[in-house]
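Since the structure comes first, as structure tokens, the remarks are kept for the end.
Values in this text are rule-based calculations from the coordinates and carry no lab data. Source: prediction; values computed, not measured. Glycine also receives a Cβ, built like all others from the backbone with ideal geometry; neighbour counts cover every protein chain displayed.
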Amino acid sequence: MSWEHIILVLITGIICGIINTLAGSGSLISLPILMFIGLPPHVANGTNRIGILFQNIVSTLNFKKQKVLDVKMGWKVAIPSIIGSVSGAFIVLELNERAVEIAVGAVLFIMLIPLFLKPRKWLHGTHPEELSSNYILRFLIFFFIGAYGGFIQAGVGIFLLSALVLNAGYDLVKANALKVFINLIFTPFALAVFIIQGQVDIVAGLVLAVGNSIGAYFASKYAVSWGALFVKYVLIIVILGAGTKLLFFP
């Protein structure tokens, strides 16, 4: 990598670390940049996971330190996500990526509806301890979110946030903490699949990881004090941007 590419990837990582920690879809920025510096699409997809992994380590430690992370619940929903992420990583070469992007873009816009129709639920949560007793439904929800994360990663944070708020009853700040923890748990499994397949550039991944970690540190440090309302506004902006990118700018 040239120095210009190192600086570009580092800055990209910082920006994506902030976006991913507060909402999600930062990979919509990092993936094109990794391809811009010369990585093939599947190598960029695999390499991006290194930055995501380190970003989530930093964010998880920060959220845990601030006592907003429900680790027990995180493990409950992480297990189906792990199974899904491995499945998604293995089938990534078998699906039409453009079709997936269009479907995800449309779903992101649909997600704006509950954000506006149930604003109190997003800001204040309900009763996390009363998590739906329909374990099969919960397993399926987080399995498919994990499968999508294993497939492409971009946007998985938004899906996790939505499930944790609408299905589990957490407010956005606590859901954010859980989101990065779940991501931390299932990312290594998908990353391992890409490494085994030889689809990872370690040097580019580590440079990206440094940037992601810096961005994640500051975002997770201040997310709690900024509050759920701030995170909600960031989430709306990211959904609009990510949905538009996926639907109209492939």
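Summary table below
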quantity: Inter-label distance for N167 and I110, nm, one decimal - labels placed 7 Å from Cα along Cα-to-Cβ; calculated: 1.5 nm
quantity: The range 76-92-the range 1-42 distance, computed between alpha-carbon centres (Å); calculated: 23 Å
quantity: Gain in span if fully extended, L206 to M35, counting 0.36 nm per residue against the direct Cα distance; calculated: 60.0 nm
quantity: FRET efficiency for H42 and K67, using Cβ-Cβ distance with R0 set to 41 Å, rounded to 0.05; calculated: 0.55
